[in-house]
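A short worksheet on the structure shown next.
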Amino acid sequence: MNWFDSWALTLTILIPGVTALVVMVIPRAEEEAIKWVALLGSVATFGVLVGILFGFNYDHSSVLANKFAVDKEWIPVINSRYHVAIDGISLPLLALSAFITVLCVVRRTSSCSSSSSRSCCSRCSS
């Protein structure tokens, strides 16, 4: 198992979380920076998912036979584990979510590029 196979699902969780934290730190006045960070995070997540789509074993799509399953001991004192896996049913749903997120961020980024128009800003804020 290579590095990508063992970290891909974790990256699909961490990249949007880190992106959200970075967006919360950026001042609201820096709207362009917020849009670019959101776009970068959503495209990076989609890129990881494309890698999962190409590396997924569609012949043996059960969770037990999947190379993208992660099962690690997390906090041994309380017997807590970090267990994330993907199967043939959840993969298309994850792909659809990542794709729609990219489309929404692109739409949001391009629809209000000119902030001088009051109608554009009122349409995007709703």
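The values are calculated or read from the model by the stated rules, or taken from the named source; none is laboratory data. All figures in this text were calculated on a predicted structure; none of them were measured in a lab. In this analysis, Cβ positions are derived from the backbone assuming ideal geometry, glycine residues included, and neighbour counts consider all displayed protein chains.
Which ones in segment 1-16 are loosely packed, with under 10 Cβ neighbours inside 10 Å and part of a helix (DSSP H, G or I)?
Of everything in segment 1-16, just one residue is loosely packed, with under 10 Cβ neighbours inside 10 Å and part of a helix (DSSP H, G or I), namely Trp3.
Would you check if Ala29 is touching a helix residue (DSSP H, G or I) at 6+ places or on another chain (Cβ under 8 Å) and not acidic (Asp, Glu)?
no
Pick from segment 70-116 the residues that are small (Gly, Ala, Ser) and under 20 Å from Glu30 (Cβ atoms): which of them is modelled with the highest pLDDT?
Filtering segment 70-116 for residues that are small (Gly, Ala, Ser) and under 20 Å from Glu30 (Cβ atoms), the one modelled with the highest pLDDT comes out as Ser110.
What are the residues in segment 56-96 that are exposed (fewer than 14 other Cβ atoms within 10 Å of the Cβ) and either of a type in the set (S, T, N, Q) or in a helix (DSSP H, G or I) (or both), if any?
Within segment 56-96, Asn57, Ser62, Pro76, Val77, Ile78, Asn79, Ser80, Ser90, Pro92, Leu93, Leu96 qualify.
Residues that are within 23 Å of Leu103 (Cβ to Cβ), small (Gly, Ala, Ser) and at pLDDT 95 or above: does segment 50-68 have at least one?
No, because not a single residue in segment 50-68 is within 23 Å of Leu103 (Cβ to Cβ), small (Gly, Ala, Ser) and at pLDDT 95 or above.
It is to be established whether one or more residues within segment 34-42 are loosely packed, with under 15 Cβ neighbours inside 10 Å and not in a loop (DSSP other than H, G, I, E, B).
yes
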